[in-house]
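Please read the structure below before turning to the comments.
Read-outs: derived from the displayed coordinates by stated rules, not from any lab. All values derive from a computational prediction rather than experimental measurement. Ideal geometry is used to build each Cβ from the backbone, glycine not excepted, and the neighbour counts take in all protein chains shown.
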Amino acid sequence: MKKSIIVIFALLVFSIQSYSQIKIVTTIPDLKSIAEQIGGERVDAFSIATGYQNPHFVDPKPSYILKLAKADMFITVGLDLEIGWVPPLLNSARNAKIQKGGEGYVDASINIPLLQVPTSVNRGEGDIHIYGNPHYWLDPLNGKIIAQNIYNALARLDPEHQSEFQARLKKFNETIDVKIKEWESKLAKYKNTKVIVYHNEWPYFEQRFGLKIVDFLEPKPGIPPTPSQLAKIIGIMKRENLKIIINSPYFTSEATDLVARNSGGKVVTLATSVGAYPSIKNYFDLFDYNVYQLLSVFQ
Amino acid sequence: MDIPLWKFSSTRKVKVIMRFIRISFLIMLNSFLLLAQTDSTAVADSLLAIQLQSQMLTQTPVPPPAPVTRSAPSTNPDISAIGDFRSLYSSEGKKNIETYFNQLEVQVTSVVDPYASANFLFSFGKDSLNGDFSAGLEEATLTSLTLPYSMQVVLGKFKPHFTKVNILHPHAFSFIEFPTMIKNFFADEGLFMEGMSASVLIPNPWDFYQELDFEIGRSEVNASLDHGITNRLLYIAHLNNFFELSDNSTIGVGVSGLTGANHLNLATSMAGLDITYKWKPVQFNTYNSFTWQTEGLVSQTDTSVGNAVKSYGAYTFFEYQIEKRTFIGARYDYSGLPGVERSDERTSSLLLRFQPTEFQILALEFQNVNRNYAPSFQQVVFRAIFGIGTHAAHAY
């Protein structure tokens, strides 16, 4: 009897604690990681996409509708990155709080200085994002802007704990400032190293760490590598003496391996998101991992 | 009644082979014309290569573009146009080679206000009898976004949730031809109704997705239903259950039921069951996938007071994505006719689909159709789907 009372009491406490948490659904795990950094134990976050999944192509499974229906906050990368799967999920979520314009809707791209904003758009150019390149979380300084956007929403939803969120935001920004110096200094002597990448998702990382992306294996964004494109890349690599090809976890290695074999280059697969590999547990690990991987092929 | 191809006389065989060669040529010609677009990419590639080479040779440093905040916002709705072009060879009839533009679908969709979204779908289709194009309103709906208790209401004209496949637009279905049971029991593109749909997410202790839909209104006239001469309404219910078996695989099980008025101003009632299994590896989800879907329905048509005819329909298909842009599939259909005893139609289909991008789908389908109420036939259909504009993503 005594044990039963304790169990019931524990369950009650647990359920009260769960109830008081802000339920957050994010589209990608990087946003989840930053939300957890700012919200601490006050938030219960879930990411729809995994870290090793192409965020452009996620199946809008009905089980995600269930998560969104119960969410207090929804955080999206925005810039139409998730245009193929977020609208049907939000339309079916039946949750006013997280609809665009709702108090729990967070577009993490607000105030991000965008790169590659097209002046005209034509689908003949491939999958062009009309608002600019959406892979902005791959610059850790943009992580601070994302964190600020998430903080604003948390403070709006739970003003009682605003000071707590503010303290965590400050700590997050300080950690970024410290870590970014560490990452930049490690890669400093490889500044302006020319690289080939599979898909056009590294401009923010390139800008931050001083790489020079020469070309892409995809002939146009979203179009799979063609023989003519691969031949062109092999020619460029030989002519320019380029040695590095950057792949992403969700592209098969056939094309990158073929180019490497024929050009004498090396393939490095960088993580595009938290959780891409088991060792990448948070937003800081993401850059630790990528910097380490780049150093291993540069050296 | 059914005569297999191998039992034909040699003259007949030659005729059939010649017809097949003609239609194959036609299909190849179509494919070539469409794939010519891909070749133009190659030309663009080489131009790009020349530009790139000349740029690299001159070694002129290009200043990085200044960051821009974002494009101008717009309140325009999402507008898309989707074309459906077909070529067909059928072993039935004298005129058995066709090449035609089947349908243009124009969709306009947007959020209305913070509480609802709207969707309008117009189709410009070819009349199979006189060949003329005519415009029609296929769907026009207002969908609530913010009702309490996980409820959602849809008002207007729409494809109701009877069976799983019925709600799909033809371009979103894996195969070119809709399942025979849908065509025989309703119409070529399924069941449409005008009225209201209310759905709710049912909370359950296991936290799996369970949605109950209830729809009420009037059906468009079709093979089973006709509300034109009566005040009877059409009632439909659909319960959808969805389970994630693993990160890579899911299964959905649904049951449906409807009751409405038939052409005799008597009742027609139907029940349906659907099962869909999907496998898609999360990490490489754009390269490989597998879908198996099976549905069945039973229909009871009252033909006079106290007398009713039962008929059945079912189909099962699989589709496998063998690489990023290529899919193969096979389907078997069985279907009777509503209100017709001992009617029987069996169709075997094979599918090859190539998708250069998500905006263009080229498909080739072979069908062998055996019927006990009309001559059997074989057909080969080529279809090119091509879309422009912003088209709302389809539900899972």
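What base-10 log of the normalised intensity I(q)/I(0) is obtained for the protein assembly as shown from the Debye formula, alpha carbons as equal point scatterers, at q = 0.08 Å⁻¹?
-0.73
Which of A:LEU187, A:LEU66, A:LEU81 moves most in a GNM of chain A, Cα contacts under 10 Å?
Among A:LEU187, A:LEU66, A:LEU81, the largest mean-square fluctuation in the Gaussian network model of chain A belongs to A:LEU66.
Going through the cross-link list A:LYS32/A:LYS191; A:LYS281/B:LYS324; A:LYS194/A:LYS238; B:LYS95/B:LYS126, which pairs have a Cα-Cα distance over 22 Å in this structure?
A:LYS32/A:LYS191; A:LYS281/B:LYS324
Under 11 Å from the Cβ of A:ILE244, count the other residues' Cβ atoms, weight Lys and Arg +1, Asp and Glu -1, and hand me the total. Walk me through the numbers before you get to the answer.
Details: positive: A:LYS194, A:LYS212, A:LYS243, A:LYS266; negative: none.
Taking every other residue near A:ILE244 into account, the sum is +4.
In the range A:115-218, which trypsin sites (Lys or Arg not before Pro) fall in coil by DSSP and have 12 or fewer other Cβ atoms within 10 Å?
Within the range A:115-218, the qualifying trypsin sites (Lys or Arg not before Pro) (loop, at most 12 other Cβ atoms within 10 Å) are A:LYS191.
When only C-alpha pairs under 8 Å and at least 6 residues apart count, what is the relative contact order of the range A:182-298, in percent?
Contact order relative to length: 22 percent.
Once you keep just the Cα pairs under 8 angstrom separated by 6 or more residues, what percentage relative contact order results for chain A?
Answer for chain A is 17 percent.
Which order do B:ARG232, B:ARG383 fall in if you start with the one that has the fewest other Cβ atoms within 10 Å? Walk me through the numbers before you get to the answer.
Numbers: B:ARG232 17, B:ARG383 22.
Fewest to most other Cβ atoms nearby, the residues stand as B:ARG232, B:ARG383.
At a 10 Å Cβ-Cβ cut-off, how would you order A:LEU217, B:LEU155, fewest neighbours first?
In order of increasing Cβ crowding within 10 Å: B:LEU155, A:LEU217.
Using a Gaussian network model on chain A with a 10 Å cutoff between Cα atoms, which of A:VAL86, A:VAL178, A:VAL274 fluctuates the most?
In the Gaussian network model the winner is A:VAL178.
To make sure I understand the rule: partners must be lysines, Cα under 17 Å from the Cα of B:LYS159, and not fewer than 8 residues away in the same chain. Which ones qualify?
Partners within reach: B:LYS183.
What is the range A:2-180's relative contact order, in percent, from Cα pairs under 8 angstrom and six or more apart in sequence?
Contact order relative to length: 21 percent.
Going by the alpha-carbon gyration tensor, a ≥ b ≥ c the square roots of its eigenvalues, is chain A rounded (a/c under 1.5) or, if a/c is not under 1.5, prolate (a/b greater than b/c) versus oblate?
prolate
Report the charge-dipole magnitude of the range A:2-180 in Debye, nearest 20, computed about the Cα centre from +1 at each Lys and Arg Cβ and -1 at each Asp and Glu Cβ.
Value, rounded to 20: 660 debye.
Evaluated at 20 °C with a viscosity of 1.002 mPa s, what Stokes-Einstein diffusion coefficient in µm²/s does the range B:247-396 have when Rh comes from the Kirkwood expression over alpha-carbon pairs?
119
Could you check which residue among A:GLU36, A:GLU125, A:GLU82 shows the biggest mean-square fluctuation in a GNM of chain A with a 10 Å Cα cutoff?
Ranking A:GLU36, A:GLU125, A:GLU82 by mean-square fluctuation puts A:GLU125 first.
Give me B:TYR209, A:TYR190 sorted ascending by neighbouring Cβ count inside 10 Å, so fewest comes first.
Result, fewest neighbours first: A:TYR190, B:TYR209.
Under 15 Å from the Cα of A:LYS220, which aspartates and glutamates turn up, not counting those fewer than eight places away in the same chain?
Partners within reach: A:GLU125, A:ASP127, A:GLU201, B:ASP39, B:ASP45, B:GLU358.
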